[in-house]
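First the structure, in the form of structure tokens, and then the observations on it.
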Protein chains: 2
Amino acid sequence: MERCERIVPHVSARDLVELWRRKQLEYTWLRSVMGRYVDFWAVTTEALEHAAGRLGARLDAPAQSRLMEGWLLLEPYPEVRMALDRLDRLVPSIPLAVLSNGSPQMLEQVLEHTRLRSRFRHVLSVDEVRIYKPSPRVYALAERHLGLARSSILFVSANGWDVAGAGAFGFSVAWVNRSGVPAEALPGAPALVVDDLEALADALEQQRSPPG
Amino acid sequence: MERCERIVPHVSARDLVELWRRKQLEYTWLRSVMGRYVDFWAVTTEALEHAAGRLGARLDAPAQSRLMEGWLLLEPYPEVRMALDRLDRLVPSIPLAVLSNGSPQMLEQVLEHTRLRSRFRHVLSVDEVRIYKPSPRVYALAERHLGLARSSILFVSANGWDVAGAGAFGFSVAWVNRSGVPAEALPGAPALVVDDLEALADALEQQRSPPG
């Protein structure tokens, strides 16, 4: 948002970020239905081009690059680092993993930038199966790489539609619903809805501690 | 829109219609990627429930029914009836057909309501293949039922994403871009972009008349 304000001051940063993100997701779904996969960096670039054109924002190549770079420099929410440590200690035999629409290169760069790479045993990208969430082929990647049955995996997402897809696949799902929006009217209900990752760690620690 | 204003006067009809339509499309795409088809009536009902909940519109069952009924009572744009007649005369050996996300029952009812049923030789619904546009399996229905190669079929749509899907499939595509939005940044370009169906008939008649 801040980057948009700086680089494209003549359009509303809120409008641009909102339309860009919406088109980014729409294009992943549409390309998945069409059977026309390109990786998330390409989809995100195309979504920016459309969103900028629609809002009358003229972007030259350097401006476009600087906006795209924002995806590699995302900051984690403040509670994330500590909450990941707590989640990691919870069941030592079950590792933490990333399962993301992001391309392998985007994931490596953002995990390096945030210094969170070492927290995760697996960093899995949809790029391996060349289709996006919520395809069951994506969620099956976690089963395969972790060597665990889907019902033993707790899948955590901030996106209602991803929660639905993962729940319909058969994961146990926690929805980090930071803005308190209603659930999507899709199959696949979450087992747990929390405000942030700290609340998730609280809830899981409580479940595991024997009743007093 | 008018129906929303009457039935749910306490929320913005524009916001409700916009979010309802957006969720309706998103759910068709998401369910297609998930492999969880339900028909367009069910998807449209679920989209309304989510949109109403998100905007704080309390809908009882009769209000919901009356809003849903709107999909069966849609009116064609003013030029449609006349333009269809002109298009039908253009190449007598090539029939007009509907290829729609709508369920067979929705299509029959809206075509009866608009008295346009007799204009179309084929009324094809995605329901036959249980996946939504822009799946190539949907566009293949037209080839199969019309007995024509995809490149001999002129596919006409008002939706940029449907234009992309149909173009990527291999149809010749005309985009009726009534509101003048920029093209989606997806594969599959239209052969023709027009403002309405009258302009489409004009363009095609001009193409077919020998140079003077």
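Checked against (1) over 30 Å from A:Ala52 (Cβ atoms); (2) within 17 Å of the chain's Cα centre (by Cα); (3) in a loop (DSSP other than H, G, I, E, B), B:Ser179 meets all criteria but (1).
Scanning the stretch A:3-38 for residues that are outside any loop (DSSP other than H, G, I, E, B), of a type in the set (Val, Ile, Thr) and over 17 Å from B:Ala183 (Cα atoms), we see that the one that is farthest from the other protein chains (Cβ to nearest Cβ) is A:Ile7. In the stretch B:117-152, what count of residues is obtained for those that are outside any loop (DSSP other than H, G, I, E, B), within 14 Å of chain A (Cβ to nearest Cβ) and not β-branched (Val, Ile, Thr)? Count: 4. Considering the stretch A:76-98 alone, what residues qualify as being of a type in the set (D, E, K, R) and either modelled with pLDDT under 95 or not in a loop (DSSP other than H, G, I, E, B) (or both)? Within the stretch A:76-98, A:Arg81, A:Asp85, A:Arg86, A:Asp88, A:Arg89 qualify. Looking at B:Arg150, B:Arg117, just one residue is basic (Lys, Arg) and surrounded by fewer than 17 Cβ atoms within 10 Å (Cβ to Cβ), and that residue is B:Arg117. Flag set for A:Asp196, criterion: within 17 Å of the chain's Cα centre (by Cα) and open to solvent by 20 Å² or more (accessible area, probe 1.4 Å). When every residue of the stretch B:195-212 is checked against the conditions, none turns out to be touching an Asp or Glu at 6+ places or on another chain (Cβ under 7 Å) and within 11 Å of chain A (Cβ to nearest Cβ).
Residues considered: B:Ala140, B:Ala61. Of these, the only one that is in the same structural domain as B:Tyr27 (by TED's automatic domain parsing) and either out of contact with any strand residue (DSSP E or B) (no Cβ under 6 Å at 6 or more places or on another chain) or more than 27 Å from B:Met1 (Cα to Cα) (or both) is B:Ala61. Within the stretch B:72-93, residues that are open to solvent by 70 Å² or more (accessible area, probe 1.4 Å) have Cβ atoms under 6 Å from residues that are not charged (D, E, K, R) in these pairs: B:Leu74/B:Val110, counting only partners at least 6 apart in sequence or on another chain.
Please work out if A:Thr45 is within 13 Å of chain B (Cβ to nearest Cβ), out of contact with any Phe, Trp or Tyr (no Cβ under 8 Å at 6 or more places or on another chain) and not aliphatic (A, V, I, L, M). Taking the combined requirement at face value, the residue satisfies it.
All conditions but one from (1) under 26 Å from B:Met34 (Cα atoms); (2) touching a strand residue (DSSP E or B) at 6+ places or on another chain (Cβ under 9 Å) apply to B:Tyr132; the one that does not is (2). Residue check: is A:Ala189 closer than 19 Å to B:Arg36 by Cβ, aliphatic (A, V, I, L, M) and surrounded by fewer than 18 Cβ atoms within 10 Å (Cβ to Cβ)? Here the answer is yes, as A:Ala189 does meet what is asked.
Restricting attention to the stretch A:14-46, which residues are within 16 Å of A:Leu74 (Cβ to Cβ) and either touching a Leu at 6+ places or on another chain (Cβ under 8 Å) or open to solvent by less than 10 Å² (accessible area, probe 1.4 Å) (or both)? Scanning the stretch A:14-46 gives A:Trp20, A:Gln24, A:Thr44. I need a count of the residues in the stretch B:153-176 that are more than 14 Å from chain A (Cβ to nearest Cβ), in a loop (DSSP other than H, G, I, E, B) and open to solvent by less than 40 Å² (accessible area, probe 1.4 Å). The number of residues fulfilling the criteria is 1.
The values are calculated or read from the model by the stated rules, or taken from the named source; none is laboratory data. Since the structure is predicted, the reported quantities are computational estimates derived from the model, not experimental observations. Virtual Cβ from ideal backbone geometry, glycine too; neighbours counted across all protein chains shown. Please note that ligands, DNA and RNA were not included when accessible areas were found on the heavy atoms of the full protein model with its side chains. Shrake-Rupley method; radii C 1.70, N 1.55, O 1.52, S 1.80 Å.
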